[in-house]
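Beneath this line is the structure, given in structure tokens, with notes to follow.
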Amino acid sequence: MGNVNAVILGTGRAYPEGVITNADLETMVDTSDEWITTRTGIKQRHRAADNEYTSLFAVRAARQAIERARIEASDIDLLICATVTPDQILPATGCLIQAELGAHRAAAFDLVAACSGFLYGLTLANQMIRSSQSRYALVIGAEILTRYVDYTDRGTCVIFGDGAGAAVLGGTTSERGILSARIRSDGRYAEQLFSPGGGTRLQPTAETLSGGMHFFKMRGNELFKVAVRSMIEVSTEVLTEAGYKPEDIKLFVPHQANQRITDAVADKLGVDSSKVYSNIAMHGNTSSASIPIALDECVESGMLQEGDLVLMASFGGGATWGAVLTRW
């Protein structure tokens, strides 16, 4: 198969019915709607109920993406679940999703790249399809982040929400599809956003749990600078490689981390604000799920049409970052 591109054939999204508004948080921690909105752009975020879990929403989003791609689950031969909040340590949440969907032919696994997970997954799926190792790939970003939020820490509890998004990819010999993709990481920034407890270094014990070591810890000011710089650099890389300029983009879909980060990246890239999609006000930061959720909203609202040039960029804990340029 020469000159094959991987094209997104269908998208889907799902999130809990439960919602935490800024007004709710005002009763839980020393904060205010004005403080949260000014610093993050967030007004509310979804929160899963105690009996809900990551794969539940991943399966719902995946089924919608499969239906819209007009294929059967049994056609999928690659399933990537990007998540930092798996159902359990073993087996991979991807395998649990595979069984629920009936995608029994698929190689299924989890990918841990925090907020960049979905773009990492797209990049891998693109290479598998281009090399004829895969015909149909399902890439999912799914998170239940609120299980790891300390509701006494106003710096982090206002940010994170729950949800899942999915995309089905297939091969095309047309001019559509992924034109360029780049993923990067730098572990020297690990402690700018991390969860120290729960692994083999700090095992889950009564002491680590009572000390909140499993909760997310973040150094927001330092993270902001690295995120903006990294997203601009990698976005410029993929545009240059594909032979395009920022003004050629029809839609810019960044990871929904913070409205100020989105604004700064778009401004420094030279992307007009009318071309930048933001839904952070309604969902908060859903990590690996944010870009696929946003994509599906754009599709459903009619904002995306065949032939549109779409730039996606992300930055997450690790630190990880990446960008994908695709022709819809």
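For the structure I just gave you, tell me whether A281 is small (G, A, S), surrounded by fewer than 24 Cβ atoms within 10 Å (Cβ to Cβ) and part of a helix (DSSP H, G or I). Criteria met by A281. Of the residues in segment 288-307, at least one is among the hydroxyl-bearing types (S, T, Y) and over 24 Å from S185 (Cα atoms). Scanning segment 156-173 turns up one or more residues that are over 18 Å from R70 (Cα atoms), under 20 Å from the mean Cα position of the chain (by Cα) and hydroxyl-bearing (S, T, Y). Scoring I89 on the criteria (1) touching a residue at least 24 places away in the same chain (Cβ under 8 Å); (2) assigned to a loop (DSSP other than H, G, I, E, B); (3) surrounded by fewer than 22 Cβ atoms within 10 Å (Cβ to Cβ) leaves a single failure, condition (1).
When the criteria are applied in full, N221 meets the requirement of being out of contact with any Lys or Arg (no Cβ under 9 Å at 6 or more places or on another chain), of a type in the set (S, T, N, Q) and either outside the structural domain of G163 (by TED's automatic domain parsing) or touching a residue at least 24 places away in the same chain (Cβ under 8 Å) (or both).
Restricting A48, A23 to residues that are of a type outside the set (S, T, Y) and in contact with a strand residue (DSSP E or B) (Cβ under 7 Å, 6 or more places away or on another chain) narrows the list to A48. Any residue at all in segment 161-175 that's of a type outside the set (S, T, N, Q) and surrounded by fewer than 17 Cβ atoms within 10 Å (Cβ to Cβ)? Yes, segment 161-175 contains a residue that is of a type outside the set (S, T, N, Q) and surrounded by fewer than 17 Cβ atoms within 10 Å (Cβ to Cβ). Tally up the residues in segment 286-328 that are in contact with a Phe, Trp or Tyr (Cβ under 9 Å, 6 or more places away or on another chain), buried (at least 23 other Cβ atoms within 10 Å of the Cβ) and in a helix (DSSP H, G or I), please. Qualifying residue count, segment 286-328: 9. Restricting the first member to segment 267-296 and to residues that are on the phi < 0 side of the Ramachandran plot, and the second to residues that are part of a strand (DSSP E or B) and of a type in the set (K, R), the beta-carbon pairs closer than 7 Å and six or more apart or on different chains are H283/R45; P292/R13; I293/R13; D296/R13. Only one entry of K250, K225 meets the criterion of being under 21 Å from T320 (Cα atoms) and either surrounded by 14 or more Cβ atoms within 10 Å (Cβ to Cβ) or within 21 Å of the chain's Cα centre (by Cα) (or both), and that entry is K225.
The values are calculated or read from the model by the stated rules, or taken from the named source; none is laboratory data. What you see is a predicted model, and the numbers here were worked out from it, not measured in a lab. When we count neighbours, we look across all protein chains shown, and the Cβ atoms used for this are built from the backbone with ideal geometry, even at glycine.
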